[in-house]
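Data first, discussion second: the structure below is written as structure tokens.
Here, each number is a calculation from the coordinates, and none is a lab measurement. Quick caveat, the model's predicted, so the values are computed rather than measured. Methodologically, a virtual Cβ is constructed for each residue, glycine included, from the backbone with ideal geometry; neighbour enumeration extends over all protein chains shown.
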Amino acid sequence: MSYAVVAEGLVKRYVTKKRLGLFRSIKEVIDALKGISFKVNYGEVVGLLGPNGAGKTTTIKILATLLIPDGGWASVCGFDVVKEASKVREVIGVMLNVEKGFYGKLTGEENLMYFASLYGIPPNEARKRVRELIELMELDKLGATHKVYEEFSLGMKARLSFARALLRDPPVLLLDEPTLGLDPPSARRIRKLVKDLARKEGKAVLYTTHNMFEAEIVCDRVLLIDKGRIVAEGTPEELKERLPSIRSLVIKLITHGANRDALITKLRVRLGTDVKLVESGDDVITLKVLTSKPHDLLNDLLSTVMVMGYRVVSLRIEEPTLEDVFIYLTGGVSESS
Amino acid sequence: MRVLKNLLNVFRAEFMLTLTDITRRKLLLITMIAYPYVLAMFIVLIGSSVGSYSSFKLRLGMDPIPFFVMASYLMMTVLGVIDEVLWRPVHDSMIGTFTYVILSPINRVTFYLIVPLPRLALSTLLNAPTLLPIMLIYYGTLALLITGLVVSFALISAFLMISFSVLVLGTFYYLLGQNWRLLNIVRPLLLIVTGIYYPRYLMPLTLKLISTLLPSSSTVELLYRILLNVPTTTQYVLSLIGVATALALIYLPLSSLSVGAWVRKSLIRGEVS
């Protein structure tokens with residue numbers, strides 16, 4: 001089976017200078033990627049998730065032929081990203097930094113025409129394609145077609161940037177934080193288009209984001225990347241399954257002025273797991289019991305609470321979110337830790 | 001055929017970009033038209049306060065006012081090419097378009113060779129008529145001929161400077177990184193060695209030798225020799241044309257090498273943004 005994107009042991013190091021004074025500096029090597037490997041199929045949206053500095057943009061840039069790796073190998077549509085960079089450029093649509101990337105004095109339409117010409121699309125074909133993309137991205141409805149770029153809102157800029165990525169109708173899309181800072185309608189529009197392009201047109205999409213909610217709804221598969229390594233890979237559901245003791249029992253109680261700390265201490269001992277106070281009102285508290293087997297603790301929890309004289313208002317079992325998984329696996333301060 | 005179509009596409013795109021830039025920045029348009037006169041006025045004022053109007057005329061054989069208007073026009077045209085080439089990657093990096101230039105299928109050297117052409121064409125078109133009034137005042141019926149000669153030589157000189165500019169771009173950006181301050185260093189140096197404000201045949205030998213390395217300095221010298229009636233043999237005229245053309249051609253493959261090295265270094269270091 002041929003993959004749209006293949007990365008094998010990609011390594012990238014940046015050499016920076018650390019200033020030690022006016023004239024003294026030392027070279028510092030930063031390992032941005034420490035040998036990451038993954039594959040992306042046609043018709044699939046793969047999310048690259050990770051904290052700042054994890055190596056997401058570096059990965060996208062290597063695949064987009066904008067960065068030469070120090071080790072490893074990658075291909076897009078079967079073309080080597082280093083040896084066949086010009087061929088790779090013909091099959092990719094790239095969206096980096098939605099805030100900029102166009103000429104300020106040109107209108108939205110003129111900017112797209114400019115890049116269409118630069119990409120070698122003949123003028124008549126370019127005009128037709130630009131009109132199609134303006135409609136697709138609803139730039140005409142926003143009045144962005146004949147407005148100069150420097151007067152664009154962030155939402156308009158992102159839509160225009162996405163339109164440029166689609167100019168050559170490429171089979172592979174490399175999107176770096178395409179909805180960062182966008183208003184909800186623009187973000188929703190881009191997410192819907194990404195999903196549609198993968199499902200209906202079979203495009204392969206590599207999508208970086210910080211937004212866990214977005215990753216859950218857009219991506220078929222997620223790669224969690226941290227400190228230059230892929231720490232987990234799978235569908236959002238698979239990743240959530242992997243997370244131990246993160247399901248939680250959330251219980252809301254009426255306290256009648258009783259000692260809350262005593263209850264929490266007693267519950268911790270009785271249930272043998274962490275119990276957190278997540279909400280505290282005058283007479284009402286909400287507790288979160290973290291466990292991998294919530295059903296097994298239900299009886300003990302309820303009996304302890306009732307014996308101590310508390311009245312239960314509500315009780316529910318919460319599934320982990322992708323954000324919980326992300327924090328847990330990337331070593332952030334997770335609730336379970 | 002496909003390559004030619006691509007080149008034409010890029011030229012068209014760049015022409016549209018330059019035209020909109022000029023027409024939508026009214027101040028830029030006014031500055032472009034007024035520049036030769038403003039600069040000439042400034043130089044003549046300074047010059048007349050430290051030197052003599054008549055001794056200039058005696059030494060050069062031309063009145064300082066039309067000379068400096070003409071020289072400023074020449075400088076604007078020739079340095080405009082260098083500015084356009086050297087400034088473009090810095091500007092593109094600042095506004096985030098450099099990435100997409102790199103991602104385009106057009107060869108980088110070809111792109112930077114095409115970049116200055118639209119502005120050169122437009123500035124010539126816009127500025128040529130501004131030369132005519134001053135030439136009419138000083139040369140009467142000969143004004144049209146002189147203006148035509150100056151405009152033609154300015155165009156040729158600027159055109160011959162393109163490969164040199166791309167060579168400077170590739171070499172300096174490879175060695176020093178993309179930095180707009182480079183322009184501030186290159187501009188005054190070229191201002192001296194192009195022989196635009198100070199004719200090359202009057203330069204000391206060392207400076208003259210350095211000046212010879214610039215293709216446009218030969219064409220500028222030829223223009224001045226014609227305008228100032230400097231006795232010149234046909235052989236010397238041919239040698240000036242030959243040197244200018246040969247240098248422009250020699251710089252082409254070198255510029256390709258230097259731009260290739262600079263882009264590769266940028267791709268390794270992750271400086272493409």
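Summary of values
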read-out: Separation between Cα centres of the range A:164-208 and the range A:281-301, rounded to whole Å; value: 41
read-out: Angle in degrees between helix B:64-95 and the longest Cα principal axis of chain B, rounded to the nearest 10; value: 10
read-out: Size of charge dipole - the range A:5-241 - debye, nearest 20, with Cβ of Lys, Arg +1 and Asp, Glu -1, no other charges; value: 740
read-out: Approximate shape of the range B:153-235 as ellipsoid semi-axes (Cα gyration tensor, √5λ), whole Å, largest first; value: 27, 13, 10
read-out: Dipole magnitude of the protein assembly as shown about its Cα centre (Cβ charges: Lys, Arg +1; Asp, Glu -1), debye to nearest 20; value: 1180
read-out: Footprinting exposure proxy for A:Ile190, B:Ile22 (fewest neighbouring C-beta atoms within 10 Å first); value: B:Ile22, A:Ile190
read-out: Cα principal axis extents for the range B:82-147, largest first, Å; value: 53, 21, 14
read-out: Modelled FRET efficiency - R0 41 Å, A:Val11 with A:Glu125, Cβ distances, 0.05 increments; value: 0.55
read-out: Listed residue pairs exceeding 18 Å between alpha carbons, taken from A:Lys39/A:Lys200; A:Lys12/A:Lys240; A:Lys34/A:Lys61; A:Lys39/A:Lys192; A:Lys56/A:Lys83; A:Lys203/A:Lys240; value: A:Lys39/A:Lys200; A:Lys12/A:Lys240; A:Lys39/A:Lys192; A:Lys56/A:Lys83; A:Lys203/A:Lys240
read-out: Sequence-distant lysines (8 or more away, or on other chains) whose Cα lies within less than 27 Å of B:Lys26; value: A:Lys100, A:Lys105, A:Lys147, A:Lys157
read-out: Computed E for A:Ile30/B:Val230 - FRET, C-beta separation, R0 51 angstrom, nearest 0.05; value: 0.25
read-out: Chain lengthening between A:Phe213 and A:Thr286 when straightened (0.36 nm per residue, less Cα-Cα); value: 23.9 nm
read-out: Long-range HN-HN contacts of A:Asp226 with modeled amide H, under 5 Å; value: A:Val231
read-out: Nearest-ten-degree value, helix B:234-269 long axis tilted from longest Cα axis of chain B; value: 30
read-out: Residues A:Leu263, B:Leu39, B:Leu191, sorted so that the one with the fewest Cβ neighbours within 10 Å comes first; value: B:Leu191, B:Leu39, A:Leu263
read-out: Helical segments meeting 18 Å axial Cα length and Kyte-Doolittle 0.0 threshold in chain A (DSSP H); value: A:294-307
read-out: Spherically averaged projected area in nm², based on the convex hull that wraps the Cα atoms of the range B:137-200; value: 5.7
read-out: Unit charges on C-beta of K, R, D, E only; dipole of chain B, Debye; value: 360
read-out: 222 nm mean residue ellipticity, helices alone, for chain B (DSSP H n ≥ 4; -39,500 (n - 2.57); rounded to 500); value: -28500 deg cm²/dmol
read-out: Calculated log₁₀ intensity ratio I(q)/I(0) where the Debye formula runs over C-alpha points of the range B:1-134, q = 0.13 Å⁻¹; value: -0.67
read-out: Cα-based shape type of chain B, given that a ≥ b ≥ c are square roots of the gyration tensor eigenvalues and the cut on a/c is 1.5; value: prolate
read-out: Extension gain from B:Leu191 to B:Trp87, taking 0.36 nm per residue of separation minus the Cα-Cα distance; value: 35.8 nm
read-out: Neighbour-count ranking [beta-carbon atoms within 10 angstrom, fewest first] of A:Leu22, B:Leu7; value: A:Leu22, B:Leu7
read-out: Separation between Cα centres of the range A:18-36 and the range B:1-73, rounded to whole Å; value: 45
read-out: Cα-based convex hull, the range A:187-260, per residue volume (Å³, whole number); value: 174
read-out: Fraction in percent of alpha-carbon pairs per bin - 10 Å, the range A:43-112; value: 17, 40, 32, 11, 0
read-out: Projected-area average for chain A over all orientations - Cα convex hull basis, square nanometres; value: 23.8
read-out: Rule-of-thumb Rg ratio for the range A:247-319 [Cα; 2.2 N^0.38 Å; N residues]; value: 0.97
read-out: Using alpha-carbon coordinates, inclination of helix B:116-139 to the longest axis of chain B, degrees; value: 10
read-out: Relative contact order for the range B:185-240, counting Cα pairs under 8 Å that sit 6 or more residues apart, in percent; value: 29
read-out: Convex hull projection area averaged over all views, the protein assembly as shown, Cα basis, nm²; value: 38.2
